[in-house]
Amino acid sequence: MAMNRIQFQPGMSMPEFCRRFGTDAQCAAALEKARWPTGFRCPRCDRAGHCVLPGGSHKLLQCNACRHQTSLIAGSVCHGTKLGLSAWFLAIYLISQAKTGLSALALKRQLGVSYPTAWLIHHKLMQAMAEREDRHVLEGPVQIDDAYLGGERSGGKAGRGSENKVPFVVAVSLTDDGHPSRTKLTLVPGFTLKAIAQWAKDNLAPGSTVFSDGLACFSAVTDAGCAHQPTVVGGRKPKDLPEFQWINTVLGNLKTSLSGSYHAFAFRKYGARYLGAFTYRFNRRFDLSTLPARLLLAAANCAPHPLRSIRSADAHC
Ligand SMILES: [Zn+2]
């Protein structure tokens, strides 16, 4: 079965991580390489000539041409941090290697920091993962279905009529031989023609073929230049149909992740970030050993988010 290939891959061992990223100096060198793969460029004038200024808790570079000063962490996800970079790297390692995600509480214990600090690191890294995922659209054959955060079965399907739930679209693109390629989980304001038309424009490549059940709003994917093939299931939900097995696999994994790793959280406020982080991990499931390096790259190039923007509602509804 395909999933075994995922479960038994080696990942990066803790000793290897410590050998490569055990000190702040090693982490600073890795962050510099991730931010400027071909060498430093001044963010203001794009010239390469620079000197390193002495002092400071993080490396400070000054452009020889325009004298602009840039800290190694300025403009990255670690912007303004007082923590050592090795703590950030350990967080990146732990979050990327935890198959079903990691709670802020677990991160607090592992890093030896306060809960508010762990919470903020966790959310900043999840934000970096979610932003990375936003850049991808699905293409080819795509299965979609309606799903809900909250309600009786968090992360699963609470039923279309139940209260206290945050709706999201679950979508899985398939390879030519019918295996899942990528997934996207996206909060939507509701299951209306207008919301699905907008969702399809944002998340599907024109020319994709969308498979769904008979829920009327899904026909709006044609507004985004996609073909629509509904399967009218006559009272049965797609979960009962083999055609939608990958939708069910993704939702099952999500449910395990949310119930096993996280305390209840404000679904409407933070749901997009949790779904983005889950998706990031799922879409890189065949490549566990390179995941810390990839997440570092995402974190190094993620725009900085001050606490107030991390705490503000970023949900679409
Ligand atoms: Zn400059």
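Each value in this text was obtained by applying a stated rule to the coordinates, not by laboratory testing. Everything numeric here is computed off the predicted structure, so don't read it as measured data. Neighbour counts run over all protein chains shown; Cβ positions are idealised from the backbone, glycine included.
For this structure, a couple of remarks:
- Pairs beyond 31 Å (Cα-Cα), from Lys165/Lys201; Lys59/Lys124; Lys59/Lys99: Lys59/Lys99
- Separation of alpha-carbon centers, the stretch 66-143 and the stretch 174-203, rounded to whole Å: 25 Å
- Across the stretch 11-28, rounded Karplus estimates of 3J(HN,Hα) from the backbone phi angles (6.51 cos²θ - 1.76 cosθ + 1.60, θ = phi - 60°) give x, 9, 6, 4, x, 5, 4, 5, 5, 8, 9, x, 10, 4, 5, 4, 5, 4 Hz, Gly and Pro being marked x.
- Rounded, prolate or oblate (a/c below 1.5 giving rounded, otherwise prolate when a/b exceeds b/c) for the stretch 18-58 by Cα gyration tensor: oblate
- HN-Hα J in Hz across the stretch 275-290 - Karplus 6.51, -1.76, 1.60, θ = phi - 60°, x for Gly and Pro: 5, x, 5, 4, 5, 4, 5, 4, 6, 10, 5, 8, 9, 4, 5, 9
- Scanning residues 5 or more positions from Ser208 or on other chains, those with amide H under 5 Å from its amide H are Gly140, Ala227, with H placed 1.01 Å from N in the peptide plane.
- In sequence order, calculated HN-Hα J values of the stretch 41-46 (Karplus, 6.51, -1.76, 1.60; Hz; x Gly/Pro): 10, 4, x, 8, 10, 6
- Projecting the Cα positions of Val137, Leu120, Leu94 onto the charge dipole of the stretch 85-138 (unit charges on Cβ atoms of Lys, Arg, Asp and Glu, taken about the Cα centre) puts Leu94 furthest along the positive direction.
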